[in-house]
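The values are calculated or read from the model by the stated rules, or taken from the named source; none is laboratory data. Note that this is a predicted model, so its numbers are computed, not measured. All Cβ positions, even for glycine, are placed from backbone atoms using ideal geometry, and neighbour counts span all protein chains on display. Note: accessible area is taken over every heavy atom of the protein model, side chains too, but ligands, DNA and RNA are not part of it. Shrake-Rupley method; radii C 1.70, N 1.55, O 1.52, S 1.80 Å.
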There are 2 protein chains.
Amino acid sequence: MSSTDSDPGSARPGGRTARNTAAVMRATLDELGEQGYQRISVDRIASRSGVHKATVYRRWGGVEGLLAQALDWASGWHWEPVRTGSLYTDLISLNEEVAAGFAVAPERRISYATIAAAFDSDTAAEALRAYMADRHRRSSVLVAEAVARGEAPEGSDIEEVVRASVAPIYHRLLVCREPVTERHIHQAARITADAAAAGAFLIEDHPDHNPL
Amino acid sequence: MSSTDSDPGSARPGGRTARNTAAVMRATLDELGEQGYQRISVDRIASRSGVHKATVYRRWGGVEGLLAQALDWASGWHWEPVRTGSLYTDLISLNEEVAAGFAVAPERRISYATIAAAFDSDTAAEALRAYMADRHRRSSVLVAEAVARGEAPEGSDIEEVVRASVAPIYHRLLVCREPVTERHIHQAARITADAAAAGAFLIEDHPDHNPL
DNA sequence: CTCATACCGCGACTCTAGTTGCATTTACCC
DNA sequence: GGGTAAATGCAACTAGAGTCGCGGTATGAG
C-alpha cells in the first residue's frame, strides 16, 4: 500500500510528516536524476529536502527504502499505453517507450536505479515486482483489444504477451549490455505479435509445473 | 584480456603476484557464494586470501573490479551447450541452464552478483558484456547446426536466436522479480524455435538504424 | 485551551570503506 | 650471486554511512 500525502491510513495525514514525505520523495528523484544510483547518499537527500538525516533513516531505513517508496509513489501516476491500430505496432510503441526510458537522462538514471536497488534489498525488489506487475497489467489492455479484434485467439495470456515483447529490450540493456536499435524493437514486436496470432500464448489447462 | 596464473602478458608470471591473484579470486568467489553481493567486503576477501587489504584495493580497485576480473577469469573455463537433437529442445536445455544458475546457492549468488556489479561500475559492465557475448557465441553453435539440418533458413542471425530464447528468463528473474516455471522455459523455447523456422531472424540487407 | 503522544531536529558517536606514505620483500635480469 | 624495479605488507589516517539518546515541536483529542 502506498502512503502519499492523502493517505487515510496514516495517523496524521496532511501534517508535518506528510510534508516531509513529499519533500524527501522529490529530493530523492531529483538527486537520482542528477547523480545516479551509485553516487546517491542519504546525507545529500536529507540536506536537499530540509529533513534531518536521522529522520530519513528512521522512516525509510536507507537508500533502498527510499527507492522502494518512490517506485510505489510512481505507481500511482497516470499512465496508459498508446493505441496505434494493430497489435504489432502497439508492441513497437511499447518497446520504444521502454528503450527510451533507459536512453536519456534523467529518466535513464531512475530506470537503472530501480532495477539496481532490487539487487540490494528485498524491500526494493518487492516494490519493483509490484510496479512491473502494475505496468504489465495496464499494458495488457492493448492485447485484450487485439484479441477482441481477432488478431489473437481467445484465452491467450495477455500479460504474458506484453512481457514477451519487452523482454528482449531489457535483456539487451541489462544483461547483454549492448545498445538497442530500431531493428531489435521491431523484431521483438514482430515475433511476439506473430506468436500471439498463432496461439502460442494460449493458457494451458494443466497446472503450472513447480518453479525452479 | 585475462591475467591468470600463466598469463604470458604479465610482467612476472608464476610469481607471488600470480599466486596472490589466484588466492584472491578464489576467496572472492567463495565469499560471494557464502555472503552474496550485498554483504561482501574487501576486508573479508583480503583476510581470507591472506593478501593485504591495501594490495587488493591497489590491484582491483574494489569489489566491482574483483567481480569483473572473476567474470573474465570464468570466461576461460570450458563450457559447451548440450545437444538434444532439435533446436526446440536445445533451447529448452539452454533456458533451463540459465534458470538453474539463478536458482540454487552458491551459484545463484554469483549470478546475481555479476549482474548487480554491472550497475555499480563501468568496468564490471564491460566484463559482463564480454562474458555474455562469449556465452552467446558458444551457444549459437546449436543454432548453426539447426540451420544445417534445415530447421531454420540460411542467413539467420544465430546469436540473436539464442538471445531471444533466454531473454524472457532473465526478464522474469531480474525485472519482473517473479518465479520462472517450466512453462515459461518451454514457451520461450517454442516461440523462438518457431520464429527461427519462419525466418524471423534473417539478417536484413539494409543497415541497422541508429541506437536510441 | 490544554494535554498526551507521536514525530522530528540535533549532535555526537561508532563502524566500516577506502587511501596514503614508507619500509620490506620478491622476482627477474645480468 | 648481486642489483633493481615492481609489488606487497603495514599501520595510521580520512571520510562517509548509519545509530542513538535527548530535548523540542507539531498534531489531534478532549
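When the stretch A:84-111 is filtered for residues that are more than 22 Å from A:Gln187 (Cβ to Cβ) and either without any contact (Cβ under 8 Å) to a residue 24 or more places away in the chain or open to solvent by 60 Å² or more (accessible area, probe 1.4 Å) (or both), the ones remaining, listed by number, are A:Val104, A:Ala105, A:Pro106, A:Glu107, A:Arg108, A:Arg109.
Any idea which residue in the stretch A:147-191 is nearest to the other protein chains (Cβ to nearest Cβ), counting only those that are open to solvent by 40 Å² or more (accessible area, probe 1.4 Å) and among the acidic types (Asp, Glu)? My answer is A:Glu159.
Quick grid of which residues meet (1) within 9 Å of chain A (Cβ to nearest Cβ); (2) modelled with pLDDT under 95:
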{"residue": "B:Ala100", "(1), (2)": "yes, no"}
{"residue": "B:Ala118", "(1), (2)": "yes, no"}
{"residue": "B:Asp122", "(1), (2)": "no, yes"}
{"residue": "B:Leu128", "(1), (2)": "yes, no"}
{"residue": "B:Ala144", "(1), (2)": "no, no"}
{"residue": "B:Phe201", "(1), (2)": "yes, no"}
{"residue": "B:Glu204", "(1), (2)": "yes, yes"}
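Considering the stretch A:46-71, and only residues there that are within 12 Å of DNA strand C (Cβ to nearest atom) and aliphatic (A, V, I, L, M), the residue that is farthest from the chain's Cα centre (by Cα) turns out to be A:Ala54.
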